[in-house]
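Okay, so here's the structure we're looking at.
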Amino acid sequence: MTNLLLRNIGELVTNDPALGDGSALGLIRDAALVVEAGHVVWVGPQASAPVTDVVQDLGGRAVIPGFVDSHAHLVFAGDRASEFTARMAGKPYAAGGIGSTVSATRAATDEQLTAQVARLVTEMRRQGTTTVEIKSGYGLTVTDEARSLAIARAFTEETTFLGAHVVPPEYAEDPAGYVDLVTGPMLQAAAPHARWIDAFCETGAFDADQARAVLTAGGAVGLGGRLHANQLGPGPGVQLACELGLVAVDHCTYLDDADVEALASSGTIATLLPGVEFSTRSPYPDARRLLDAGVRVALASDCNPGSCYSSSLPLCIALAVREMGMTPAEAVHAATAGGAAALGRVDIGRLSTGARAHYAVLDAPSYVHLAYRPGVPLVLEAVGR
Ligand code: NIG
Ligand code: FE
């Protein structure tokens with residue numbers, strides 16, 4: 001079996017604190033890494049690198065684990081550029097806009113939806129993302145949710161059933177009936193294609209009791225739970241997620257002290273999605289407050305046609321550093337190891353022995369440049385999927 005030595009890595013982010021400088025990033029300068037059969041089999045200072053069959057010289061560039069984007073809505077048709085333009089002129093974001101994407105998605109063919117996901121996954125890879133979670137949530141019928149997930153599954157194992165995104169118009173007078181559909185026939189059709197179940201717990205979408213019913217039903221058929229919560233205002237979602245022991249709760253923009261305490265003591269990961277605040281011109285979540293309280297934090301894109309049509313983790317890192325009080329090291333860790341933890345994965349999001357060889361080569365000497373050079377396409381190559 002051939003093995004590959006990556007040599008002359010100026011700075012290697014391993015995310016293993018037992019390595020290198022002993023920080024959470026486990027930084028090794030002048031590093032080398034050996035890949036065999038898709039896994040990291042050796043990592044360390046290049047002066048002690050073993051002999052291999054194939055050698056690639058990285059010319060002093062930085063190497064980081066591939067980004068793990070743990071929150072994205074990629075199965076949709078159409079766009080909502082006019083809604084974005086209106087928002088930039090002062091109109092607030094509201095959950096209701098999701099309906100126009102639902103209509104367009106229902107009308108699209110499987111081929112059109114597949115081409116759309118392929119385009120966005122390719123766009124993400126060019127920006128260093130090697131693992132992406134993909135949600136349904138723009139079908140909202142039994143058939144359209146199941147086909148959205150089947151399409152997503154062709155691109156990732158990390159698929160999430162989000163039938164509880166909003167109540168579709170045909171159930172406007174009967175939201176309880178819609179929750180019965182989601183927890184019954186729709187879940188049965190979706191579960192074979194999904195690893196996770198999610199709900200949008202927010203005013204204008206689903207309340208805490210409805211979200212609890214959805215997450216409990218999903219858990220009963222073996223799906224892990226995750227939740228959209230506290231995005232547009234304060235609410236019960238974050239504490240519900242912590243109480244249910246979910247692996248992650250996403251958005252976390254409006255938090256009170258009890259929410260922060262619940263996150264810190266439960267270990268539920270707070271996934272922050274700063275592209276949403278950028279694209280809806282909203283206040284950013286206070287990452288510093290969360291980190292100082294001992295909360296585990298992930299960064300993800302939330303790529304979707306409404307609240308954030310950006311697939312860029314480098315953008316999220318730059319925003320987290322500039323606007324949310326994170327250091328560049330914390331932001332890069334949150335977009336790699338944090339995303340992996342938010343998906344319950346230990347095989348990705350790190351570059352130490354035994355991990356999958358999912359990595360990004362930066363055309364820069366340090367990971368810091370991801371925040372220092374915002375908007376610049378620094379990812380030279382993303383490897384592994
Ligand atoms: O995560 N919050 C709910 N869902 C998406 C937005 C979906 C949309 O506006 O189309 C989000 O922001
Ligand atoms: Fe989302």
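Could you give the dipole magnitude of the chain about its Cα centre, charging the beta-carbon of Lys and Arg +1 and that of Asp and Glu -1, in debye to the nearest 20?
In debye, rounded to 20, the chain gives about 820.
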If amide H atoms are built 1.01 Å from N in the plane of the peptide, which residues on other chains or at least 5 residues away come under 5 Å of the amide H of ALA298? ALA270, THR271, LEU272
In degrees, nearest 10, range 0 to 90: what is the angle between the Cα axis of helix 257-266 and the longest Cα principal axis of the chain? 60
List the GluC sites (Glu not before Pro) within segment 114-198 that fall in a DSSP loop (any state other than H, G, I, E or B) and whose Cβ has at most 15 other Cβ atoms within 10 Å. GLU157, GLU173
Under the rule of at least 5 residues apart or a separate chain, name every residue whose amide H is placed under 5 Å from the amide H of GLY349. GLY66
Can you give me the convex hull volume of the Cα atoms of segment 210-353, divided per residue and expressed in Å³? 116
Where labels lie 7 Å past Cα in the beta-carbon direction, separation of ARG385 and ALA37 in nm: 2.3
Under 5 Å from the placed amide H of HIS39, counting only residues 5+ away or on other chains, we find ALA357
Report the label-to-label distance for ASP256 and GLU173 in nanometres (one decimal), using points 7 Å from each Cα along the Cα→Cβ vector. 3.7
Cα centroid distance between segment 314-385 and segment 1-67, in Å? 15
Applying the Karplus parametrisation 6.51 cos²θ - 1.76 cosθ + 1.60 with θ = phi - 60° to the phi angles of segment 239-251, what ³J(HN,Hα) value in whole Hz is obtained for each residue in order, glycine and proline being reported as x? 5, 4, 4, 5, 4, 7, x, 5, 5, 8, 10, 10, 4
Relative to the longest principal Cα axis of the chain, at what angle does helix 98-107 sit, 0 to 90 degrees, rounded to 10? 90
By average Cβ neighbour count within 10 Å, what is the ranking of 345-354, 299-308, 244-253, 10-19 from highest down? 299-308, 244-253, 10-19, 345-354
Order of 217-223, 148-154 by packing, highest average Cβ count within 10 Å first? 148-154, 217-223
Length-normalised contact order of segment 67-342 in % [C-alpha pairs under 8 Å, at least 6 apart]: 19
Ranked packing of 187-194, 287-294, most packed first, by mean Cβ within 10 Å: 187-194, 287-294
Once the piece of chain linking ALA107 and MET88 is laid out straight, how much longer is it, given 0.36 nm per residue of separation minus the C-alpha distance between them? 4.0 nm
So what's the chain giving for Rg/Rh, alpha carbon basis, Kirkwood Rh from the mean inverse pair distance? 0.98
Estimated FRET transfer efficiency (ARG29, ALA118; beta-carbon r; R0 56 Å; 0.05): 0.90
Count the DSSP beta bridges whose two residues both fall in segment 1-157, then state the antiparallel fraction as a percent rounded to the nearest 5. 60
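Here, each number is a calculation from the coordinates, and none is a lab measurement. Quantities reported herein were computed from a predicted structural model and do not represent experimental measurements. Counting neighbours? That spans all protein chains shown, and the Cβs are built from the backbone with ideal geometry, glycine included.
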